[in-house]
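Student: Following this message is one structure expressed as structure tokens.
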There are 4 protein chains.
Amino acid sequence: MITHLRAVHFEEVDVAGVVFFARFFGYAHDAMERFFDDLEGGYVALVNKRSIGFPAVHASADYKSPIRYGDVVRITGDVTRLGTTAAHFSFVMTRVRDAVHVATMMHVHVCTDIRAMAKLAFPPDVRAALERHLVPSPPASAPLADA
Amino acid sequence: MITHLRAVHFEEVDVAGVVFFARFFGYAHDAMERFFDDLEGGYVALVNKRSIGFPAVHASADYKSPIRYGDVVRITGDVTRLGTTAAHFSFVMTRVRDAVHVATMMHVHVCTDIRAMAKLAFPPDVRAALERHLVPSPPASAPLADA
Amino acid sequence: MITHLRAVHFEEVDVAGVVFFARFFGYAHDAMERFFDDLEGGYVALVNKRSIGFPAVHASADYKSPIRYGDVVRITGDVTRLGTTAAHFSFVMTRVRDAVHVATMMHVHVCTDIRAMAKLAFPPDVRAALERHLVPSPPASAPLADA
Amino acid sequence: MITHLRAVHFEEVDVAGVVFFARFFGYAHDAMERFFDDLEGGYVALVNKRSIGFPAVHASADYKSPIRYGDVVRITGDVTRLGTTAAHFSFVMTRVRDAVHVATMMHVHVCTDIRAMAKLAFPPDVRAALERHLVPSPPASAPLADA
């Protein structure tokens with residue numbers, strides 16, 4: 001599990017005075033970079049030196065509580081599924097000052113050669129970095145304990 | 001069904017040179033405003049004069065094809081479900097120059113008094129505006145033809 | 001002189017409810033693209049096909065009146081100086097509904113090969129496009145009438 | 001003098017792959033908040049509890065070197081002039097990894113009651129906070145040493 005703190009910036013609110021819903025995905029993307037912190041140079045080096053990126057093929061958010069300028073959110077993230085080229089990430093955002101649940105998000109990103117914009121099997125070190133944060137999903141049809 | 005055109009701005013791409021995935025939600029939000037065009041003053045007057053807004057409680061996107069600076073997307077939108085305070089919207093984005101499918105999105109927004117940040121039943125004129133774009137959903141458990 | 005209209009988007013305000021001051025530069029950049037509309041494919045083709053861009057070396061704004069969601073600004077722009085590689089642009093923003101003066105801006109952009117990020121003398125067609133919008137500046141040290 | 005560090009986010013670049021010039025003003029605005037760190041609750045409390053904000057009336061930037069994803073900039077800031085309602089701020093950005101000069105910026109902000117959007121004389125504690133960072137400007141017409 002990774003943890004990432006993010007303060008709301010002055011210009012990230014909308015007309016209602018709360019953080020614009022689309023920005024939550026940027027916050028989660030910042031948090032996603034933490035999964036790669038154990039690699040040399042982190043996500044930055046993956047992108048800049050190896051031209052490996054992770055475009056989203058799916059993203060969803062359930063919004064529980066609005067946040068405002070002055071709030072800091074704690075984002076925790078897990079890898080919930082890891083395929084050959086795709087990874088599923090779940091994120092939970094809570095407000096630091098009162099632990100209120102802000103949002104739960106789910107992203108699916110695909111390992112990509114961003115020069116060619118072509119899918120790429122996870123290189124072994126990248127896969128290993130993600131496996132460290134992989135949590136077992138509850139099986140879709142778990143057998144009954146006594147069955 | 002509403003239709004909205006949106007050109008990609010110079011600064012809306014990310015390091016991979018494609019529109020950052022979080023921005024699609026802002027594009028869809030722009031399109032959402034079209035549902036209210038028949039109301040006097042449109043969405044702007046709803047927000048600025050009546051303090052009615054529609055914060056998202058859910059948003060999801062399935063990304064099919066990246067878009068870049070110079071692309072224009074056509075966004076079509078439907079209301080797929082309409083409750084007392086919540087509306088479900090679906091959006092389909094296609095690239096204008098070649099009709100490539102860019103993304104499909106689903107948002108759930110809640111009618112809200114944005115001064116009090118409290119839920120509000122849709123006022124009749126707002127509900128009527130949305131009903132004009134309501135499409136029937138396939139029933140979740142349709143009876144078999146011969147049952 | 002070019003003219004460009006721009007509506008304020010829902011998420012472009014800040015905590016004070018007015019368009020965040022940094023965004024004005026993005027608005028002016030959108031307007032800048034109009035100077036190249038007479039070239040085939042416009043600014044988009046310059047960037048995407050010829051890899052020519054215009055990074056800013058200077059930008060300044062004087063803010064006269066705040067703008068809010070629902071406002072539309074009219075941006076007029078002139079080329080005030082044209083060197084071998086650099087162009088000076090001035091922009092005046094007014095609010096469409098009441099002609100209030102919103103801001104005056106001055107940008108200096110340098111013609112650049114954006115793959116190499118190296119200065120480039122304006123190609124003849126680009127220079128011609130800009131010359132069409134060039135206004136004479138008052139001379140810095142105009143000779144006295146009787147001198 | 002205040003100091004502020006800021007990492008370039010993945011989505012803050014433009015088509016040329018460098019941080020979009022308008023974003024520098026947001027970076028400097030983040031740094032500006034540091035001038036108020038000695039006040040209880042900092043800039044956030046000024047805005048959220050006392051409804052005091054500092055809209056810009058002028059902003060300018062001289063760009064010296066582009067920055068990219070992965071770069072971190074150090075922003076140092078001074079108050080260069082302090083009037084009854086207006087403050088002049090200067091900012092210098094350098095890239096942390098190699099101390100390259102990235103940009104120099106100058107902002108003029110006006111103390112404002114952001115509910116009424118009306119000018120406000122600096123409250124004494126706000127003025128004191130800014131005075132701590134006030135540097136003497138070179139006099140416009142300094143007398144010659146030997147004159």
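Student: Excluding ligands, DNA and RNA, what is the accessible area buried between chains C and D, summed over both sides, using a 1.4 Å probe, to the nearest 100 Å²?
Tutor: Approximately 1900 Å², summed over both chains.
Student: Here is a follow-up. Identify which of D:H109, D:H133, D:H58 has the largest mean-square fluctuation in a Gaussian network model of chain D, with springs joining Cα atoms closer than 10 Å.
Tutor: Its mean-square fluctuation being the largest, the pick is D:H58.
Student: Another question, if that's okay. First check a/c for chain D, with a ≥ b ≥ c the square roots of the eigenvalues of its C-alpha gyration tensor; if it is under 1.5, answer rounded, and if not, answer prolate when a/b is larger than b/c or oblate otherwise. Walk me through the intermediate numbers first.
Tutor: Details: a/c = 1.98, a/b = 1.20, b/c = 1.65.
It is oblate, given that a/c is not under 1.5 and a/b is not larger than b/c.
Student: Could you please point out the chain A residue with its Cβ nearest to the axis of the rotation taking chain A onto chain D, and the distance in whole angstrom?
Tutor: Reported as residue, whole Å: A:H9, 5.
Student: Just report the Cα centroid separation between the stretch A:1-15 and the stretch C:1-20, whole Å.
Tutor: Taking the Cα centre of the stretch C:1-20 as reference, the centre of the stretch A:1-15 is 21 Å away.
Student: Report, in deg cm²/dmol and to the nearest 500, the calculated mean residue ellipticity at 222 nm for the protein assembly as shown, where each DSSP H run with n ≥ 4 adds -39500 (n - 2.57) and the sum is divided by the residue count.
Tutor: Numbers: 12 runs with 108 residues, N = 588.
Result for the protein assembly as shown, helices only: -5000 deg cm²/dmol.
Student: Something else now. Considering only protein heavy atoms, with the full assembly of protein chains and a 1.4 angstrom probe, order B:L5, C:L134 by accessible area, largest first. Don't jump to the answer; show the numbers that get you there.
Tutor: Details: B:L5 100, C:L134 75 Å².
From most exposed to least exposed: B:L5, C:L134.
Student: Follow-up question, since we're still on this one. Mind checking the full-extension length gain between A:T3 and A:V72? Use 0.36 nm per residue of separation minus the Cα-Cα distance, one decimal, nm. Before the final figure, lay out each step's value.
Tutor: Details: separation 69, 0.36 × 69 = 24.84 nm, distance 1.28 nm.
Separation in residues times 0.36 nm, less the Cα-Cα distance, equals 23.6 nm.
Student: Given a 1.4 Å probe and heavy atoms of the protein chains only, how would you sort A:R74, D:R132, largest accessible area at the top?
Tutor: D:R132, A:R74
Student: Here's another thing I want to ask about it. Where the accessible area of the stretch C:2-131 is counted over protein heavy atoms with a 1.4 Å probe, how much of it, in %, is carbon and sulfur? Please report the intermediate quantities before stating the final value.
Tutor: Working: 2470 of 4810 Å².
Carbon and sulfur: 51 percent of the exposed surface of the stretch C:2-131.
Student: What whole-number value in Å² describes the accessible area per residue of chain A for a 1.4 Å probe? Walk me through the numbers on the way to the answer.
Tutor: Details: 6500 Å² over 147 residues.
It amounts to 44 Å² per residue over chain A.
Student: Continuing with this model, one more query. Shortest first and in nm with one decimal, please list how far the C:R115 label point sits from its counterparts in the other copies (point 7 Å along Cα→Cβ).
Tutor: With the label placed 7 Å along Cα→Cβ, C:R115 yields 1.3, 5.9, 5.9 nm.
Student: Rank these residues by their accessible area, most exposed first, probe 1.4 Å: D:D62, A:D30. Please list the in-between numbers first.
Tutor: Values: D:D62 60, A:D30 10 Å².
Sorted by accessible area, descending: D:D62, A:D30.
Student: Report A:E33's accessible area, 1.4 Å probe, all protein chains in place, as a number in Å² to the nearest 10.
Tutor: Accessible area of A:E33: about 20 Å².
Student: In addition: List, in order, the whole-Hz ³J(HN,Hα) value for each residue of the stretch A:36-52 obtained from phi through the Karplus relation with A = 6.51, B = -1.76, C = 1.60 and θ = phi - 60°; use x for Gly and Pro.
Tutor: Values, residue by residue: 9, 5, 7, 7, 4, x, x, 4, 4, 5, 4, 6, 7, 9, 10, 6, 9 Hz.
Student: Also, quick follow-up: Using alpha carbon coordinates only, what is the Rg to Rh ratio of the protein assembly as shown, with Rh defined as the Kirkwood radius? Walk me through the numbers on the way to the answer.
Tutor: Details: Rg = 25.5 Å, Rh = 26.0 Å.
That ratio is 0.98, to two decimals.
Student: If we hang a label 7 Å off Cα along the beta carbon direction at C:D37, how far is it from the matching labels on the other copies, in nm, shortest first?
Tutor: Here C:D37 shows inter-copy label distances of 2.1, 4.7, 5.0 nm.
Student: At 7 angstrom along the Cα-to-beta-carbon line, where would the label on A:V100 sit relative to the other copies? Give the distances in nm, shortest first.
Tutor: In nanometres, ordered from closest: 3.2, 4.2, 4.3.
Student: Express the relative contact order of chain C as a whole percentage, based on alpha carbon pairs under 8 Å and six or more residues apart in sequence. Each step should come with its number before you reach the end.
Tutor: On the way: 272 pairs, mean separation 39.4, N = 147.
Computed over chain C, the figure is 27 percent.
The values are calculated or read from the model by the stated rules, or taken from the named source; none is laboratory data. This is a predicted model, so every value here is computed, not measured. All Cβ positions, glycine included, derive from the backbone under ideal geometry; neighbour counts span all protein chains shown. Note: accessible area is taken over every heavy atom of the protein model, side chains too, but ligands, DNA and RNA are not part of it. Shrake-Rupley method; radii C 1.70, N 1.55, O 1.52, S 1.80 Å.
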